[in-house]
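Colleague: First the structure, which I've put down as structure tokens, then a few questions once you've had a look.
The values are calculated or read from the model by the stated rules, or taken from the named source; none is laboratory data. Predicted, not measured: the structure shown is a model, and the values here were computed from it. When we count neighbours, we look across all protein chains shown, and the Cβ atoms used for this are built from the backbone with ideal geometry, even at glycine. When the accessible area is computed, the model is the full protein with side chains, heavy atoms only, and any ligands, DNA or RNA have been set aside. Shrake-Rupley method; radii C 1.70, N 1.55, O 1.52, S 1.80 Å.
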Amino acid sequence: MTDNNHDIEQPEGRVPKRVIGTPSPATSTSVLGDDERPGDQGVPGVVPQSEATARKGERIAALCFLLTLLGGIAFIASYVIFQVGDIDSARASNVALGGSLALALLAMAAGMVVWVRLVMPKYNMVQERHTMASDGRTREYVTETFKHGVDESGFVKRPMLRRTLLLAAAPLGLAPLVLLRDLGPRYSDFPEKLRHTVWGEKTKDGKPRRLVVEGTGAPIRAADFNSPGGILSVVPEGYEHDLNALAKATLILLKFRPEELKSGTNLNWAPQGIVAYSKICTHVGCPAALYEQTTHHILCPCHQSTFDAADGAKVIFGPAARPLPQLPIAVDEEGFLVATADFSVPPGPSFWERGDAEAEVRENGGHA
Amino acid sequence: MSITTVPKPIAGTSSFLDDRLGAGNFLKRNLRKIFPDHWSFLLGEIALYSFIVLLLTGTFLTFFFKPSMGEVPYEGSYEPLKGIMMSEAYASSLHISFDVRGGLLMRQMHHWAALLFVGGMMVHALRVFFTGAYRKPRELNWLIGVLLLTLALFEGLTGYSLPDDLLSGAGLRITEGVAISLPLVGTWITFFLFGGEYPGEDVISRFYSLHILLIPGILLALITAHMILMWVQKHTQMPGKGRTNENVVGAPFYPAFMVKAGAYFMFTFGVIALLGAFAQINPIWLFGPYTPADISAGSQPDFYMGFLEGSLRLMPPWEINIAGFTLPMSVLIPALVPMGIIMTGLALYPFIEQWVTGDRSEHHIADRPRNNPHRTSIGMAAVTFYGVLWLLGANDELASFFHISLNATTYVGRVMVFLGPAIAYYVTYRVCLGLQRSDAAVIGHGVESGVIKRLPNGEYIEVHVPPNPAIEAHVRGKAPVPMLPGADGDGGGERDGVPPKQLRGPLGRLRVKMSRAYGGEKIPLDDGHGHGEEHAAIGSGEDRSLTH
């Protein structure tokens with residue numbers, strides 16, 4: 001900044017122009033409120049509006065309130081006129097109702113602002129604050145009273161009274177918590193439930209369960225699912241609409257050329273190059289629904305965990321820590337794909353009691 | 001025209017109430033209660049009025065919504081879904097949207113109001129933080145605020161899940177995946193929440209009672225407490241002419257503030273109606289009924305959950321198995337740590353600041369953010385931390401919009417989540433000091449007037465004039481950030497060579513060090529007023545900013 005604060009004789013009443021971006025000089029009005037204008041008002045800090053301003057404010061506010069009136073009437077009329085029952089009429093009704101309601105409310109807001117700013121006085125009133133704390137004598141009085149109360153009640157002097165009361169309250173306090181127990185099933189059920197899916201159950205007539213296409217429920221003939229790069233979303237036969245079953249058992253079915261499959265994939269479970277992986281992401285359980293044919297990448301759209309489908313669905317990117325489990329499948333005598341057993345490890349997100357299921361399977365000589 | 005007597009109906013009612021409640025004493029104290037004015041004081045009101053809109057629209061929705069997961073075939077008027085099996089919750093949400101007049105409007109307004117509610121709370125919290133309005137005696141109200149924000153997130157989460165469409169189900173599935181990852185209690189919590197395995201048949205009705213009864217009840221109670229405390233403690237005010245720590249300057253509650261507040265409620269309500277009418281939100285009919293087998297790409301949570309989504313996406317894979325038990329760190333860390341840092345940090349900040357500054361006095365003048373540069377920098381670092389996570393929550397959208405590699409966004413995010421806050425801290429600190437210097441210049445040299453003058457020696461100068469008294473008072477209304485007694489000396493706090501006992505240990509010495517860095521006046525205002533030879537003061541004065 002240059003050194004230029006020299007006093008100069010300014011012509012009387014000359015107001016220096018304001019440079020953009022700097023605070024305004026003393027003589028201009030400011031955004032922070034004018035100095036109190038000396039007026040004939042009675043109350044300090046209350047500067048009434050001039051009658052002309054107030055009258056102008058009254059007119060504008062009244063105009064706004066009339067708009068509110070129109071908006072309110074339009075709202076009621078829209079309710080009667082616009083019937084709903086399909087997407088287009090619901091949209092039209094929505095715009096008419098919402099538009100008229102918005103008009104009514106915003107006009108009222110504007111009118112009230114004009115009312116405060118142009119009709120009511122300008123306020124710059126001052127009120128004192130007091131510290132929040134009470135004064136020493138009050139505190140002393142309360143302390144004394146408290147002590148008297150303790151004495152009078154006998155709560156300290158009579159331990160039997162106190163102890164039995166506290167003792168009695170404990171189970172009563174626990175009662176509501178106990179009541180919540182039946183929100184969930186027996187504990188012994190749930191880690192086990194998380195380990196099994198309906199793929200492990202045979203059908204009613206004792207046959208292995210077929211893989212069916214999600215949506216149509218059609219069983220899948222291995223010979224028909226024959227173009228490499230093909231992908232299907234698959235659900236268990238008989239459980240097409242059971243959401244609890246689907247949350248663990250949904251599959252993504254892929255067809256490979258034999259030479260594309262790598263060591264991570266269990267080839268015994270890949271009849272004719274068809275591989276079934278759990279579709280439930282091992283991160284937090286979203287369906288890993290996206291597939292990129294050229295790279296064989298399965299991608300979960302929620303948090304972008306990426307799995308290499310040609311190599312046992314091992315994780316190549318993202319927060320998932322484990323591969324998608326592969327389901328043992330085979331072709332039955334009629335040529336349809338069936339599950340020969342359940343997943344060897346629990347599908348879906350990790351949980352405390354899960355443990356390193358993959359390592360256990362490998363120790364037992366199996367394939368995770 | 002002024003009235004000379006109070007109209008009879010009002011006089012009658014007031015005497016009736018005063019005779020029975022003694023309302024006169026209360027009104028005497030409070031009718032003319034002064035409320036200070038500043039645009040930033042309106043931010044919390046957005047949240048308050050959005051909450052009222054939420055209660056109104058939400059009540060309407062409960063008249064038609066059926067919180068049941070029982071499967072029914074859809075028989076409403078939306079053609080593409082006719083005959084499809086879906087939960088009653090989803091069917092009734094479609095019914096509200098297409099077969100109830102005003103239903104779609106109420107649904108959309110409810111959703112928009114929810115976004116505005118949480119957004120309003122966030123900007124309000126930032127305003128309170130950056131102006132130091134949480135300081136004594138307002139720490140309790142600050143804690144209530146932090147609690148309100150946390151509860152609002154849960155309220156949003158439970159409400160988001162109710163329509164039971166494919167999008168809301170995806171959110172629920174992620175919630176389940178996070179809950180079940182918790183060590184020891186994870187399976188318990190999920191099996192109790194869902195009444196068995198996911199998704200079960202109970203969660204919608206349970207979320208419903210949480211969403212419409214329990215959480216809003218607590219919110220309402222806490223908001224009431226928040227308002228009462230604000231009322232009793234009186235609002236803080238910005239520094240300015242005639243404003244001191246012992247007074248409050250502004251407009252009286254009756255009639256001006258009342259009408260202003262009413263206007264602002266109408267405005268908030270009106271904007272929400274405008275959004276509900278013209279800005280489509282959550283078109284559940286496009287998503288279809290929920291099934292755990294499907295998802296649509298580009299699924300995004302509401303904005304206030306975005307930071308959790310981002311932190312889940314950011315985390316590298318990491319899972320620990322010990323003694324047959326599993327710790328899925330790639331879920332636990334992102335789900336708990338950022339939320340923990342932000343909420344705990346918010347809750348503890350007033351007390352940490354008190355510990356560092358040793359300041360136990362009452363504050364009713366709000367700080368301008370520049371005048372406590374370390375606080376402002378900490379706040380901006382936290383905002384950046386949150387912002388990086390939030391952006392990463394939409395990294396798939398960013399990647400496809402800007403045609404960059406999705407994986408690259410994640411890698412950059414992993415670095416920026418640490419680097420970003422550090423940069424923000426440094427930049428904010430410098431900006432604060434720069435602003436303080438410009439304040440000092442205004443006080444010390446005055447304001448550029450635009451008048452050029454030629455001196456006798458031929459030099460041209462621009463004439464500076466004293467600033468507007470109101471602005472000067474605003475700028476001068478700053479006090480040095482308090483420091484521990486003993487920390488302000490140049491010798492390092494040891495006035496007589498011996499620091500107080502509690503400051504001698506390693507923690508005490510750290511405290512003194514922090515206090516010295518955090519507190520004090522970085523750029524003192526130059527007090528020689530406007531006309532004279534003191535211009536060299538800026539720069540050579542006590543600019544201690546570089547030493548910290």
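Colleague: On the given criteria, is A:G206 touching a strand residue (DSSP E or B) at 6+ places or on another chain (Cβ under 8 Å), free of Cβ contacts under 8 Å to residues at least 40 places away in the same chain and either of a type outside the set (D, E) or within 14 Å of chain B (Cβ to nearest Cβ) (or both)?
Modeller: Taking the combined requirement at face value, the residue does not satisfy it.
Colleague: Mind listing whichever residues of the stretch B:247-266 are at the interface with chain A (Cβ under 7 Å from one of its Cβ atoms) and without any contact (Cβ under 8 Å) to a residue 24 or more places away in the chain?
Modeller: B:N247, B:P255, B:A256, B:V259, B:K260, B:G262, B:A263, B:M266, listed by residue number.
Colleague: Filter the stretch A:86-115 down to residues that are more than 8 Å from chain B (Cβ to nearest Cβ) and of a type in the set (S, T, N, Q) and give me whichever is least open to solvent (accessible area, probe 1.4 Å).
Modeller: Among them, the one singled out is A:S100.
Colleague: For the stretch A:231-262, enumerate the residues that are more than 11 Å from chain B (Cβ to nearest Cβ), out of contact with any Ser or Thr (no Cβ under 7 Å at 6 or more places or on another chain) and farther than 18 Å from A:F343 by Cα.
Modeller: Scanning the stretch A:231-262 gives A:I231, A:L232, A:F256, A:R257, A:P258, A:E259, A:E260, A:L261, A:K262.
Colleague: OK, next. Among the residues in the stretch B:200-212, are any crowded, with 20+ Cβ neighbours inside 10 Å, under 30 Å from A:P349 (Cα atoms) and within 10 Å of chain A (Cβ to nearest Cβ)?
Modeller: Yes, that holds for at least one residue.
Colleague: Going by the structure shown, is A:A288 within 27 Å of the chain's Cα centre (by Cα), crowded, with 24+ Cβ neighbours inside 10 Å and not aromatic (F, W, Y)? Before the answer, list the steps.
Modeller: On the way: within 27 Å of the chain's Cα centre (by Cα): yes; crowded, with 24+ Cβ neighbours inside 10 Å: yes; not aromatic (F, W, Y): yes.
So A:A288 fits the description; yes.
Colleague: Among the candidates A:V156, A:V178, A:V150, single out the residue that is within 14 Å of chain B (Cβ to nearest Cβ) and farther than 28 Å from B:H363 by Cβ.
Modeller: A:V178
Colleague: Name the residue, out of A:L165, A:L179, A:L183, that is more than 30 Å from B:P199 (Cβ to Cβ) and either open to solvent by 60 Å² or more (accessible area, probe 1.4 Å) or not hydroxyl-bearing (S, T, Y) (or both).
Modeller: Step by step, each of A:L165, A:L179, A:L183 is checked, and only A:L165 is more than 30 Å from B:P199 (Cβ to Cβ) and either open to solvent by 60 Å² or more (accessible area, probe 1.4 Å) or not hydroxyl-bearing (S, T, Y) (or both).
Colleague: Let me ask another. Whether any residue in the stretch B:228-238 is open to solvent by less than 40 Å² (accessible area, probe 1.4 Å), in contact with a strand residue (DSSP E or B) (Cβ under 8 Å, 6 or more places away or on another chain) and at the interface with chain A (Cβ under 7 Å from one of its Cβ atoms) is what I want to check.
Modeller: Yes: the stretch B:228-238 contains one or more residues that are open to solvent by less than 40 Å² (accessible area, probe 1.4 Å), in contact with a strand residue (DSSP E or B) (Cβ under 8 Å, 6 or more places away or on another chain) and at the interface with chain A (Cβ under 7 Å from one of its Cβ atoms).
Colleague: Something else: Considering only the stretch B:439-458, how many residues are in a loop (DSSP other than H, G, I, E, B) and at the interface with another protein chain (Cβ under 9 Å from one of its Cβ atoms)?
Modeller: Summing the residues that are in a loop (DSSP other than H, G, I, E, B) and at the interface with another protein chain (Cβ under 9 Å from one of its Cβ atoms) in the stretch B:439-458 gives 2.
Colleague: Does the stretch B:113-121 include one or more residues that are modelled with pLDDT of 95 or more, of a type outside the set (D, E, K, R) and over 30 Å from B:R375 (Cα atoms)?
Modeller: yes
Colleague: So, one more: Quick one: A:S278 ticks every box in (1) surrounded by fewer than 24 Cβ atoms within 10 Å (Cβ to Cβ); (2) more than 10 Å from chain B (Cβ to nearest Cβ); (3) among the polar types (S, T, N, Q) bar one, so which box is it?
Modeller: (1)
Colleague: Hey, could you check the stretch A:214-230 for residues that are within 14 Å of chain B (Cβ to nearest Cβ) and within 21 Å of A:C300 (Cβ to Cβ) and say which is most open to solvent (accessible area, probe 1.4 Å)?
Modeller: A:G215
Colleague: Identify all residues within the stretch A:58-85 that are open to solvent by 70 Å² or more (accessible area, probe 1.4 Å) and outside any helix (DSSP H, G or I); write none if there are none.
Modeller: Residues satisfying the conditions are A:F82, A:Q83.
Colleague: Here's a follow-up. Restricting the search to the stretch B:231-253, which residues are under 22 Å from the mean Cα position of the chain (by Cα) and within 21 Å of B:N468 (Cβ to Cβ)?
Modeller: Scanning the stretch B:231-253 gives B:Q237, B:M238.
Colleague: Keeping to the stretch B:298-323, report how many residues are open to solvent by 40 Å² or more (accessible area, probe 1.4 Å), of a type in the set (F, W, Y) and more than 24 Å from A:I316 (Cα to Cα).
Modeller: Of the residues in that region, 1 qualify.
Colleague: Does the stretch B:421-431 include one or more residues that are charged (D, E, K, R), on the phi < 0 side of the Ramachandran plot and within 11 Å of another protein chain (Cβ to nearest Cβ)? Step through it out loud before you land on a result.
Modeller: So the first thing to find is which residues in the stretch B:421-431 are charged (D, E, K, R), and the list is B:430.
Of the ones still in play, those that are also on the phi < 0 side of the Ramachandran plot are B:430.
This time we only want the ones that are within 11 Å of another protein chain (Cβ to nearest Cβ), so: none.
Scanning the stretch B:421-431 turns up no residue that is charged (D, E, K, R), on the phi < 0 side of the Ramachandran plot and within 11 Å of another protein chain (Cβ to nearest Cβ).
Colleague: Go through the stretch B:401-421 and give me each residue that's touching a residue at least 12 places away in the same chain (Cβ under 8 Å) and small (G, A, S).
Modeller: B:G413, B:G420
Colleague: Working only within the stretch B:34-58, note down all residues that are of a type in the set (D, E, K, R) and in contact with a strand residue (DSSP E or B) (Cβ under 7 Å, 6 or more places away or on another chain).
Modeller: B:D37
Colleague: Could you list, in sequence order, the residues of the stretch B:297-313 that are facing another protein chain (nearest Cβ under 8 Å) and in contact with a helix residue (DSSP H, G or I) (Cβ under 6 Å, 6 or more places away or on another chain)?
Modeller: Keep residues of the stretch B:297-313 that are facing another protein chain (nearest Cβ under 8 Å), which gives B:297-299, B:309, B:312-313.
Across the stretch B:297-313, the qualifying residues are B:S299, B:L312, B:R313.
Per-residue answers, yes or no, for (1) modelled with pLDDT of 95 or more; (2) under 30 Å from B:T357 (Cβ atoms); (3) crowded, with 17+ Cβ neighbours inside 10 Å:
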| site | (1), (2), (3) |
| --- | --- |
| B:N372 | yes, yes, yes |
| B:I378 | yes, yes, yes |
| B:F385 | yes, yes, yes |
| B:W390 | yes, no, yes |
| B:D396 | no, no, yes |
| B:G444 | no, yes, yes |
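Colleague: Another one. For the stretch B:73-103, which residues satisfy the criterion of being assigned to a helix (DSSP H, G or I) and open to solvent by 10 Å² or more (accessible area, probe 1.4 Å)?
Modeller: First, pick out the residues of the stretch B:73-103 that are assigned to a helix (DSSP H, G or I): B:79-81, B:88-99, B:103.
Result: B:E79, B:P80, B:L81, B:E88, B:A91, B:H95, B:D99.
Colleague: When the residues of the stretch B:459-518 are filtered to those that are among the basic types (K, R) and at pLDDT below 85, which remaining residue is surrounded by the fewest Cβ atoms within 10 Å (Cβ to Cβ)? Even if it seems obvious, please write down each step before you answer.
Modeller: Residues of the stretch B:459-518 among the basic types (K, R): B:476, B:478, B:495, B:501, B:504, B:509, B:511, B:513, B:516.
Among the residues that remain, those that are also at pLDDT below 85 are: B:495, B:501, B:504.
Working: B:R495: 12, B:K501: 8, B:R504: 12.
Of everything passing the filter in the stretch B:459-518, B:K501 is surrounded by the fewest Cβ atoms within 10 Å (Cβ to Cβ).
Colleague: Give all pairs with beta carbons closer than 7 Å in which a residue from the stretch B:165-181 that is at the interface with chain A (Cβ under 7 Å from one of its Cβ atoms) meets a residue that is open to solvent by 10 Å² or more (accessible area, probe 1.4 Å) and of a type in the set (G, A, S); count only pairs at least 6 apart in sequence or on separate chains.
Modeller: B:A170/B:S299; B:V178/B:A335
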